[in-house]
Structure formats: structure tokens, C-alpha cells
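See structure below.
The values are calculated or read from the model by the stated rules, or taken from the named source; none is laboratory data. Everything numeric here is computed off the predicted structure, so don't read it as measured data. Cβ coordinates were reconstructed from backbone atoms using ideal geometry, including for glycine residues, and neighbour counts include every protein chain displayed.
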Amino acid sequence: MSRKNFDFPLGIRLWPNEGQGRTRRIAEGYSFSPLENSTDSFRFSAMVGSHKVEPLFRSMAQSLPEESFFILEFYQEEMQAQADEQPSPVIYYSPYLETSEILDTIAPYLPRLIHDGFVGFGLANNRAGMEIFYSEEKVFTCFTGNHIRAMDLFSRNGLRHNPEQLFPTDFGHDHLSLLCHARGTLPEPFRSMGEVELDYDNFCADLTDLLDMYPVEDNLSFFLSKKEQDLIEERLLSHEEFSLFAEEDFGSLLLDWNDFVGECETGFTGDLWEYREGLKLRDMIQFVIEGISSALQHKILDIIADADAKLQKNLVDRRKRLDPPLALPASQERFWYAGMVRNQGADLRRDLIRVGWYKP
């Protein structure tokens with residue numbers, strides 16, 4: 001398919017003779033369906049001409065709350081996949097920032113983010129249950145519980161619903177970085193840029209620095225709908241201490257638990273009080289799990305399964321227990337209080353000696 005038939009970004013090229021049939025041509029439009037593991041949210045997938053991506057992205061961003069976080073996916077050059085494996089992109093999240101601030105920061109980079117075939121980017125607010133993302137496949141996706149609003153925004157940007165919508169993944173295609181193109185064939189603003197500016201490894205590194213972004217494991221890229229967040233908030237409000245966290249993004253708490261487990265693996269450098277505060281994260285998660293629907297229980301347990309397994313593997317001397325600081329009813333034994341992590345820093349080990357942990 002030639003570019004005159006569809007305004008592809010520079011980063012996607014269909015193979016010769018792909019998509020040439022009369023009934024199998026990529027055109028602008030979108031499809032949507034219920035989101036997997038959710039009863040009240042939808043996944044929208046759209047093909048958008050490259051000149052429309054920025055206006056659509058900014059239009060969708062106006063539906064987000066005042067604060068959101070930026071998502072960046074790209075393939076790092078030093079990553080080597082096995083012969084029988086597809087390489088996976090690294091994923092970075094920014095902290096919650098004013099949405100307008102994020103848009104201002106990424107503005108000089110947007111053309112490169114849109115056109116490079118090894119980069120995906122987006123915005124999200126977990127508490128609002130909404131995410132917009134433009135992938136390295138150059139497909140515009142939106143996760144939301146307000147499907148009427150999403151359909152209206154797509155319509156305002158000239159996109160029609162097509163339940164049979166086709167995407168690059170339906171055809172053989174190649175991904176191209178901006179450096180793959182001969183300089184003379186590049187349109188502005190790329191033609192005036194140097195190789196360093198066009199190298200996605202460099203401009204993605206710039207963005208991760210500017211927005212203070214941090215890497216996130218692929219299995220922690222999850223979505224909680226607004227309805228699910230509301231149910232979680234209601235549950236946390238029923239507990240005097242946990243109610244202080246009720247209005248916060250529960251997704252961030254799940255990420256904090258994963259970070260705590262990761263720190264315990266590499267060597268916990270805090271003291272005993274800080275260690276207990278980390279365990280308290282899991283107390284809150286468990287309190288939520290035991291007071292919500294079965295479907296949402298399983299969803300949260302799936303999200304934290306890897307972190308839980310890593311911590312259990314890391315705990316030693318499990319015949320001893322740290323007394324939980326909170327008297328909570330529990331349907332199961334809290335494994336995170338049984339034993340102690342292997343890699344104890346000096347402060348934690350000192351406090352454990354003081355409380356008699358090592359006494360026979």
C-alpha cells in the first residue's frame with residue numbers, strides 16, 4: 001500500500017502487495033470492545049492519519065483530570081532477544097504531574113514520538129480509569145469507562161466507527177526508526193535535525209530525565225476502571241487508618257508494593273520501622289481484597305502475584321514472625337510477616353538485634 005492511500009507515520013511500512021485488495025485496505029476509523037477483565041470499561045483502537053495524531057491526542061488529553069502520568073515505551077538498543085523470542089520494549093512512567101505541564105514538556109518531541117516506529121507514548125490517570133496511548137504499531141488506543149465521550153471525541157476528529165477496522169498488525173509490515181530514512185527523503189522538522197536528535201534512544205532518554213520517569217515491569221502495566229477504583233476507595237474508607245489513603249490512586253500503591261519487594265531483593269537499606277511500613281502496604285492490599293467482589297479480588301491478586309512470589313522466596317527463618325502492627329481480621333495467614341528478608345542492611349539488622357529477633 002502506498003502512502004498516498006493512507007497517511008502512515010514514517011515508522012510503519014507495509015510489505016509490498018500487502019493491503020492491496022479492495023476490501024482489505026487500511027483507512028481511518030476505529031473499533032471498540034469491552035475491556036478484558038473489566039465489566040464497565042472499553043478498549044478503543046483507531047487508525048489515524050499521522051497529521052491527525054497530535055490534535056486527537058491533545059483532544060483526548062482534555063478528558064483527563066488536572067493531573068496524569070506520562071507513559072513511554074521504546075526498544076533499547078542493548079536489549080538482545082533470544083532467536084525464538086520477540087524483543088519487548090521497556091516501559092517508563094512519570095510521576096503524577098499536571099497534564100498541561102506534561103503536554104508542554106513533550107511538545108518539542110511529539111513529531112518524533114509519532115513518527116518513529118520503535119516508540120509508543122501515552123497519558124493515563126488510574127483514579128479516573130482512563131488511558132490514551134499511541135503504540136509503536138502506530139495504533140491509537142483508549143481505555144475508558146465513558147465510551148459515549150470517547151466516541152464523540154473520535155467523531156469530532158473525523159473518525160468513524162468500523163467494527164471491521166483493519167490495523168498494521170493485520171498485514172506484514174516493518175518498523176522503521178527515523179534514522180532508517182535517507183536524510184533527503186525526510187520531511188521537516190526531521191530534515192533539519194542531526195542524527196543525535198533523530199535517534200529515539202537519545203530523545204527518549206531526554207524525556208525520561210525531563211519527566212523524572214522510572215521503569216515499570218511489563219506485567220505491572222494494568223488498568224483499573226473508575227468503578228473499580230470507587231469500590232476500592234469505599235473499602236479503604238471503612239478502616240480508620242487506611243482511610244487516609246482512600247482518595248489516592250490504588251494502582252500507585254500496587255506499584256509501591258512491587259518496589260518494596262524489589263528493594264528487599266537487592267538489599268533493604270531502611271530500618272525496622274521502614275520495613276514495617278513496607279509490610280503495611282501489603283496489609284492495605286489484603287484488606288481491600290477481602291472486602292470486594294470475587295472478580296476484582298482475582299484481578300488484584302494477579303497484579304501482585306509476581307511480587308508476592310518473590311517476597312516469599314526471599315524470606316528466611318520463617319518459624320519466627322514479626323507481630324503485625326495492625327489487628328486485622330484475615331481469611332488467610334499473612335505470609336509477609338513470617339520470617340525476614342535475606343539481604344538485611346545494617347540499620348535493619350541492628351534493630352532486629354535490639355528487639356531480640358536473633359535470640360534462640
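General remarks:
- Residue count for segment 228-238 under the criterion of being closer than 26 Å to Ile132 by Cβ and surrounded by fewer than 15 Cβ atoms within 10 Å (Cβ to Cβ): the result is 1.
- Per-region count, segment 41-63, residues closer than 17 Å to Ala128 by Cβ and in contact with a Phe, Trp or Tyr (Cβ under 8 Å, 6 or more places away or on another chain): 5
- Scanning segment 91-130 for residues being among the β-branched types (Val, Ile, Thr) and in contact with a strand residue (DSSP E or B) (Cβ under 6 Å, 6 or more places away or on another chain) gives a total of 4.
- When the helices (runs of 4 or more DSSP H) confined to segment 136-223 are screened for residues that are under 23 Å from the mean Cα position of the chain (by Cα) and in contact (Cβ under 8 Å) with a residue 60 or more places away in the chain, those reaching at least 3 such residues are found at 147-156, 200-210.
Listed here are the residues, each with its yes/no results for (1) within 24 Å of the chain's Cα centre (by Cα); (2) part of a helix (DSSP H, G or I); (3) crowded, with 16+ Cβ neighbours inside 10 Å; (4) modelled with pLDDT of 95 or more.
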site	(1), (2), (3), (4)
Glu240	no, no, no, no
Ser243	no, yes, no, no
Leu253	yes, yes, yes, no
Phe260	yes, yes, yes, yes
Tyr275	no, yes, yes, yes
Leu296	yes, yes, yes, no
Leu301	yes, yes, no, no
Asp306	yes, yes, no, no
Lys320	no, no, no, no
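- Scanning segment 70-86 for residues that are modelled with pLDDT under 95 and out of contact with any helix residue (DSSP H, G or I) (no Cβ under 6 Å at 6 or more places or on another chain) yields Tyr75, Gln76, Glu78, Met79, Gln80, Ala81, Gln82, Ala83, Asp84, Glu85, Gln86.
- Which listed residue, of Arg160, Arg156, Arg149, Arg183, is surrounded by fewer than 17 Cβ atoms within 10 Å (Cβ to Cβ) and more than 22 Å from Pro55 (Cα to Cα): Arg183
- Close contacts from segment 225-245, counting a first residue that is not assigned by TED's automatic domain parsing to the domain that holds Pro34 and a second that is part of a helix (DSSP H, G or I) and among the small types (Gly, Ala, Ser), with Cβ to Cβ under 7 Å and a gap of 6+ residues or different chains, come to Leu236/Ser243; Leu237/Ser243.
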